[in-house]
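Just so it is clear, none of the values below were taken in a lab; they were calculated from the coordinates. Computed from a predicted model, the values in this text were never measured in an experiment. Because the Cβ atoms are built from the backbone with ideal geometry, glycine has one as well, and the counts that use them run over all protein chains shown.
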Amino acid sequence: MSSIRSPFGQDVEKQGIKLPKKWNDTNSKIPTDRTMAVGGGVAVGGGGVAVSGDSSEFPRKRRQRYVEKDGKCNVHHGNVRETYRYLTDIFTTLVDLKWRFNLLVFTLVYTTTWIFFGLIWWLIAYIRGDLEHTDDGEWTPCVANLNGFVSAFLFSIETETTIGYGYRVITEKCPEGIVLLLVQAILGSIVNAFMVGCMFVKISQPKKRAETLMFSQNAVISMRDNKLCLMFRVGDLRSSHIVEASIRAKLIRSKQTKEGEFIPLNQTDINVGFDTGDDRLFLVSPLIICHEFNESSPFWDISQEQLAREQFEIVVILEGMVEATGMTCQARSSYLDSEVLWGERFTPVLSLEEGFYEVDYDTFHQTYPTPTPTCSAHELAELAKKGEEIPLPPLTPPPIQNPNQNLDGERGRGEWDEEGEVESVSNGDVKKMDVQH
């Protein structure tokens, strides 16, 4: 099981454990007003936070995600008693089945109808006495050359699939056979339309298209246009574009109302450009989605210190139409509180080559440190009203001997030169920021 090391000491692991659909013991239920996270010696409950002195005494447990990184929702529907509702929408039920069950139903439906009508054809021949006069040349049977159940089954297949080999044919002296022929032809057309339509919809589902839509592993918080912003990056690996692409974000966090009602997994909208139209994307190259911390933002009063104590999950949803098929596609991902990095900025991935722009996906998830105040956006607004200068923490170089070594090794956030300056890469240029020692 893979693990991602967060800056706050938590290990964020990809989950592989499914919760049971039914609870046998009521005492074994996990209350929704408490988190499952215990990381770095911090045990969090519904009423507060208990901090231990030695983090090595506690095993680090993963956080329970609401939405996985690959977009899978960790919600199981248990004790559903009104199962008849699935049968009222049988078409969607069949489309949602797994491929092995879908193919099994597809085969059983056709086989059952062939056997059913084959049995009726055999009964007609048996009642009329056709099976007793198979060698009588003067006898006119209902179906010529039908001498048993196997031949009746083959005639049923020929009738429903309109193959018509010409060896077994219905005669005009059998009115009941003509009626059965009409019934099987009509029902066979309905079965063909239903099952072929179901298979076509399942094959053309755009779920796999979402596999080539990428979200950055982490979200970052840093300054943009003198305002604190939450940012994450999205990209499309295919050359065929997503038409009418739009993005939205939800904050999943438990909430207690003023009346004392506890709401687990409360959903709050995060504005990522709905007012300005920035949520409508032209997703040709990777884009950085930005949420500004203002008075209506749920992060208005969150500082860097408070972020380490918060427990939330940000679910991001990218929607659009597949250019090749015109069908709607949706890709989802999420960011836990431990996957939100304060004081970071994404490394540029776009470069201008001779005659085209090139995207380097090796640096798609990489970030580098940038001067960011540790206070909340609310406090920054108060300082701006007073005319005071925004406090920026100094960037101190890590204790490394190689001046060209990356700040965090694999992530490649930046490089320190011999004079103690860090190179900060912006979207279009490279600047040097003096470091205060």
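Figures for the structure shown
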quantity	calculated
Chain lengthening between residue 126 and residue 178 when straightened (0.36 nm per residue, less Cα-Cα)	17.1 nm
Neighbourhood net charge (11 Å Cβ-Cβ; Lys/Arg +1, Asp/Glu -1) for residue 177	-1
Cross-link pairs 69/207; 227/386; 227/385; 69/98; 227/258; 250/385 - those with Cα-Cα distance over 19 Å	69/98; 227/258; 250/385
In the stretch 227-294, GluC sites (Glu not before Pro) in a DSSP loop with at most 13 other beta-carbon atoms within 10 Å	259, 261
Hydrodynamic radius (Kirkwood) for the stretch 96-203, which is based on Cα pairs only, to one decimal in Å	15.0
At most 13 other Cβ within 10 Å, DSSP loop - trypsin sites (Lys or Arg not before Pro), the stretch 122-175	173
Label-point gap, in nm, between residue 275 and residue 88 - each point 7 angstrom along Cα→Cβ	4.2
Net charge over other residues, Cβ less than 13 angstrom from the Cβ of residue 307 (K, R count +1; D, E count -1)	-4
The stretch 142-185 and the stretch 330-388: distance between their alpha carbon centers, rounded to Å	72
